[in-house]
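The block underneath contains the structure these notes are about, expressed in structure tokens.
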2 protein chains.
Amino acid sequence: MSRTPEFFNVQPVRAALEALFAQWTPQPRREMRDPRAALGCVLATELRSPIDLPEFARSTVDGYAVRAADTFGASQSLPAYLACVGSVAMGERAAVTVGTAQAAEIHTGGMLPPGADAVIMIERTQTIGEDELEVLHPVAPGENVIQIGEDVARGATILPAGHRLRPQDIGGLLAVGLTAIAVAAPPRIGILSCGDELVAPEETTAPGQIRDINAHTLAALVTQAGGEAVLLGIARDTFDDYLARARAAFAAVDLLVMTAGSSVSTRDWTRAVIDALGAPGVLQHGLAVKPGKPTLIGLAAGKPVIGLPGNPVSALLVARQIVTPLIQRLLGAAPCPRMSIQATLAASIPSATGREDSVPVCLSERDGVLMAEPIFGKSNLIFTLMRADGLVRVPLNSNGLPAGTLVEVNPFDA
Amino acid sequence: MSRTPEFFNVQPVRAALEALFAQWTPQPRREMRDPRAALGCVLATELRSPIDLPEFARSTVDGYAVRAADTFGASQSLPAYLACVGSVAMGERAAVTVGTAQAAEIHTGGMLPPGADAVIMIERTQTIGEDELEVLHPVAPGENVIQIGEDVARGATILPAGHRLRPQDIGGLLAVGLTAIAVAAPPRIGILSCGDELVAPEETTAPGQIRDINAHTLAALVTQAGGEAVLLGIARDTFDDYLARARAAFAAVDLLVMTAGSSVSTRDWTRAVIDALGAPGVLQHGLAVKPGKPTLIGLAAGKPVIGLPGNPVSALLVARQIVTPLIQRLLGAAPCPRMSIQATLAASIPSATGREDSVPVCLSERDGVLMAEPIFGKSNLIFTLMRADGLVRVPLNSNGLPAGTLVEVNPFDA
């Protein structure tokens, strides 16, 4: 025999990742950003508020700042009468002081004037002439007022390290005056394709050639996960060219992802390239998943190196399970709740125990019920994934899911 | 009385949006992009494949290209014997022809040579010397081969207009050589804040002043929805300044969002500004939601104008319900399946019928069950939303949700 097929020592994804995590200490880099340019960024440090927010007691309504005690017992039939002694201008220190049986006009967001301890809504008052006020309802002390530090107190933790910034977080950081924060710098993910048959997407194909698409589906996935894709081109099917390209880029990336060449035939150089990049080299060859079994996970000179199958469906589906979590680690990102869409399986999915299957599904509504229709077919057709809305996972220890099962659909993000 | 409180004619969000949609015809703009720079973009046109994919019949395995009929009946004990007549080089037109009782070595992705109609996996063969092959299993015609056009046929629709591009879509478009596609240009969303008390986030606050955060939480939301935020600064609390700033920017934006000034007090100019911008002006004042009731929806000279409350929580939560769908319309985006996380309500949520409540919740796991803990408190505290993982909606016709209810949590995206 000219070539001996090796057998993969397959491992479930979780076990393979944990074996890598046990040996790898990611070194997240950080950079300073204005929160206004940090949507989706991961905080590198815990943040504390430098101020009390609000910095002054503020009204939450349009009305009159009063001493609450002056309104106790007030009603439509027996109003309290207060003298209106002025008005609080917006954006300025309250210039008026509210004494007993006095009131000052105030707008939403206005500064509570000295002497007042509550605000009565305008709808619950009536003015009499220029400067007298009938109060028709009582207010309690503190009513319609946000106290100093009530939103957040000075020194309090605002957000933990590892938090991914959402619109409201950007607002909260700006509210307390934090305009420069430390976030994780996007990890640089090198992407190297391999194959004599590959040409760049803009090139014309000759017979036997195909366009390299893995580099670009993976670059998009890397972007979604918060990394920076570094495209390293297409290596030829020789060990020397493949290694030379991988080595040239290795110092400049935090993680190297290679596609094709991860199986066991003579042109499958990825395993040897990973071992040549540095110790300990390949940690795992073979995952208990379908599609994507011939995947390589390695660690070379302190950096993870992933060898994905060349099949574009396998490459993308395995990358979602392997590359995305590695980027999360490189970012120091806290785990986020898994989002899913519940749907009813429209057809049975066969599987085998001992492997996790990712099955693309289409979602559609039928009589008000959301149905997930599995898309079967050869696993190497990228259009299978284009027709799909998400994935259903068949767990390791299951031999399939019958039609009618309520499943969690893991949606594809745009 | 110096000021008469008006009553809002409140409408549910859906009714208010439908009233706007009935009068408004969005004019999406388009631009050409390389799919590699179009992740998350919305297709402006349906796309069809210019080629058959693959363009040639390809092997899906490492093995030998054969005539299937030559292998019928082959077994471990009674192999078929084939003459190995050459090898198919990757990336080239197959130079060898496979005749009866012949085989050609082929790699995954290699071009099926003339004469062959199937590929037998290497694991199911044994080589004898240099050029003879034992085939230990039969293969069926077409086995381990992707036929011309099997992924997608020339002329077939690839993706519909309105589709948002995901990683696999980028791959599929590149695979068929589409390197320039028409996508919706990001709609320009003008954001104008209003209030004498507001200063820019980088400024130092004097007593009575607060930093403007609505502009920036909304800008982040606009970015997430696929729009381009155009920040128009802070208007003073006068009709003239407010209108002048709104007017100056109006021609350059597709949608104008204004915050604060949407209620009914003397400094609430938004209603008048919308009416002054063009006919028909204000369509709706007041939404049956909590928080966010004093919201304005208008249409001026063919462009929607939204007046959001100044309260940052209300502004952001209403914008999710109003501004995001308008951006989807401006993009011509197809509706996407709503993602949610199922959780058990940890405490009862009181509500009133006739309005939809958005209640921020924290997610946490308790004894393996995902619990949603409502965050109560004054609705104007931005830190309420920073502590929350998502929202639970209490429907219009409900007067609350009891603890223990299985709810759908609408997560906040980072």
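Every number in this text was worked out from the coordinates using simple rules, so none of it is lab data. This is a predicted model, so every value here is computed, not measured. Don't worry about glycine lacking a Cβ; one is built from the backbone with ideal geometry, like all the others, and counts go over all protein chains shown.
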Cα-centred dipole magnitude for the protein assembly as shown, charges only on beta-carbon of K, R (+1) and D, E (-1), debye, nearest 20: 20
Sum of side-chain charges, A:Cys84 neighbourhood, beta-carbon under 9 Å (Lys, Arg +1; Asp, Glu -1): -4
Pseudo-label separations to other copies for A:Gln342 - Cα-to-Cβ vector, 7 Å, nm: 0.3
Residue of A:Asp275, A:Asp151, A:Asp254 that the Gaussian network model of chain A assigns the largest fluctuation, springs spanning Cα pairs under 10 Å: A:Asp151
Debye log10 I(q)/I(0) at q = 0.13, 0.14, 0.21 Å⁻¹ for region B:58-146, Cα point scatterers: -0.32, -0.37, -0.86
Copies compared at A:Gly400 - label distances in nm, ascending, label defined 7 Å from Cα in the Cβ direction: 5.0
Long-range lysine pairs (8 or more apart or interchain), the protein assembly as shown, Cα under 27 Å: 8
Inter-centroid distance (Cα atoms) of region A:193-246 relative to region B:1-78, Å: 23
Degrees between helix B:312-331 axis and first principal axis of chain B (Cα, 0 to 90, nearest 10): 50
Prolate/oblate/rounded call for region A:341-411, Cα gyration tensor, a/c under 1.5 rounded: oblate
Long-range Cα-Cα pairs in region A:160-238 (distance over 16 Å), rounded percent: 64
Principal-axis tilt of helix A:13-23 within chain A, Cα atoms, nearest 10 degrees: 80
In Hz, Karplus ³J(HN,Hα) per residue of region B:87-99 (6.51, -1.76, 1.60; θ = phi - 60°; x = Gly, Pro): 9, 8, 6, 5, x, 10, 4, 4, 8, 9, 10, 9, x
Span per principal axis, largest first, for the Cα atoms of chain B (Å): 105, 53, 43
Cα gyration tensor shape for region A:202-267, rounded if a/c is under 1.5, else prolate or oblate: oblate
Choice from B:Ile51, B:Ile189, B:Ile120 showing the highest fluctuation, given a GNM over chain B with Cα pairs closer than 10 Å: B:Ile120
Rg followed by Dmax, in Å, when the protein assembly as shown is reduced to its Cα trace: 32.0, 113
3J(HN,Hα) from dihedral phi, region B:101-114, Karplus parametrisation 6.51/-1.76/1.60, rounded to Hz, x for glycine, proline: 6, 10, 8, 10, 4, 8, 9, 3, x, x, 7, 4, x, x
Max mean-square fluctuation residue, GNM over chain A, Cα-Cα springs under 10 Å, options A:Ile191, A:Ile128, A:Ile327: A:Ile128
Nearest-to-axis residue of chain B, judged by beta-carbon position, where the axis maps B onto A, in Å: B:Met339, 2
Estimated vicinal HN-Hα couplings, Hz - region A:261-273 in sequence order (Karplus 6.51, -1.76, 1.60; Gly, Pro = x): x, 9, 8, 10, 8, 4, 8, 8, 8, 4, 4, 5, 5
Student exercise, region A:11-131 dipole from Lys, Arg, Asp, Glu Cβ charges, in Debye to nearest 20: 680
Distances in nm from B:Gly155 to the matching label points in the other copies, shortest first (labels 7 Å along Cα to Cβ): 7.6
For chain A: relative contact order, % (alpha-carbon pairs under 8 angstrom, 6 or more apart): 16
Helical contribution to [θ] at 222 nm, DSSP H n ≥ 4, -39,500 (n - 2.57), averaged over chain B, rounded to 500: -5500 deg cm²/dmol
Of the trypsin sites (Lys or Arg not before Pro) in region B:316-414, those whose Cβ has at most 10 other Cβ within 10 Å and which sit in DSSP loop: B:Arg338
Summed side-chain charge close to A:Gly142 - residues other than A:Gly142 whose Cβ falls under 10 Å, Lys, Arg +1, Asp, Glu -1: -3
